[in-house]
1. Kirkwood Rh and Cα-based Rg: tell me the resulting Rg over Rh for the range 53-99, rounded to two decimals.
2. If you stretched the chain out fully between R176 and E96, how much longer would it get, using 0.36 nm times the residue separation minus the C-alpha to C-alpha distance?
3. Report, in debye and to the nearest 20, how large the dipole of the chain comes out about its Cα centre when Lys and Arg carry +1 and Asp and Glu carry -1 on their Cβ.
4. How high is the relative contact order of the chain, given as a whole-number percent (alpha carbon pairs under 8 Å, six or more residues apart)?
5. Modelled label-to-label distance, D189 and T135, 7 Å Cα→beta-carbon offset: nm?
6. Just want to confirm a number: the relative contact order over the range 9-74, from Cα pairs under 8 angstrom separated by 6+ residues, in percent.
7. How far apart, in nm, are two points set 7 Å out from the Cα along the Cα-to-Cβ line at D111 and at E143?
8. Mind listing the phi-derived Karplus ³J(HN,Hα) values for the range 63-69, rounded to whole Hz, using 6.51, -1.76 and 1.60 with θ = phi - 60°, and x for any glycine or proline?
Amino acid sequence: MEVDADFATAIGTTIDVTNGFESGRIYYDKSFCLERNSGGKWQDVPTIGSDSFLYDTHSLASRQVLKITVYWEWLYGELTPGEYRIGKSFLHRTDEGDDTQYDLYAMFTLDDSPVTDIVKKDDGSSWGHPLSGVTTLRAEVTELLDSEHHFLSSGDIGLLVSSLTPVWNEDRIGGRFYVNDNSYLIVLDSSGKHMRFADIQLGEQVEITHSGTYLTTDPAIIESTYLVKIVE
């Protein structure tokens, strides 16, 4: 597990997870932790929200690489400059069914550099920064969708919501958007406790924190959703 230094910010980062095993799969959930290097010792970063993550299994086949964006502002606030590490647990299950847990850490350093919309890599490629333009939309859930009614990834579930706050301009209030579950989306109830995406109810009002990127279909699709919170 490695942090992509080009995408590390005060509110989140991107980590590259590689299943280097020849066989079997690795399993993981949405939980993570942050520690700060203070005088040569790693200390837990204080939390401002609940870190009682629900266990929901995602997996990665052997020799596969996965890029995960972890958004943590809701749990830790904005981090100050310094040296940090992010921790996640993984379970490797062999083809014979034997399980071994691995607790991994990846270090990264934050400074005062601003977050840019486009990151240019050493190989000459350019990437949109997944945590540039993070914004929050308030909306009402108008439909609950199964995997046959959305477009992003097979097997997930989704919501259709109607916006209650402006998106691009005032006349976009009431715009319709698809929101889909993913392997890093956190869902909180109105008291800040973790809940499952599938337990969001029809008619509830939600705050959707996302990267600000939309696919302009009708309804539009909100990409890279990081946090959904039920509001009263």
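Where a number appears in this text, it was derived from the coordinates with a stated rule and is not lab data. These numbers were taken from a predicted model, which means no experiment stands behind them. When we count neighbours, we look across all protein chains shown, and the Cβ atoms used for this are built from the backbone with ideal geometry, even at glycine.
1. Working: Rg = 15.0 Å, Rh = 14.2 Å.
Ratio of gyration radius to Kirkwood radius: 1.06.
2. Details: separation 80, 0.36 × 80 = 28.80 nm, distance 4.67 nm.
Gain in length upon complete extension: 24.1 nm.
3. The dipole magnitude comes to about 220 debye.
4. Computed value for the chain: 18 percent relative contact order.
5. Each label point is offset 7 Å from its Cα along the Cβ direction, giving 3.1 nm.
6. Numbers: 94 pairs, mean separation 36.5, N = 66.
Computed over the range 9-74, the figure is 55 percent.
7. A separation of 4.9 nm, rounded to one decimal place.
8. 6, 9, 10, 10, 9, 10, 8
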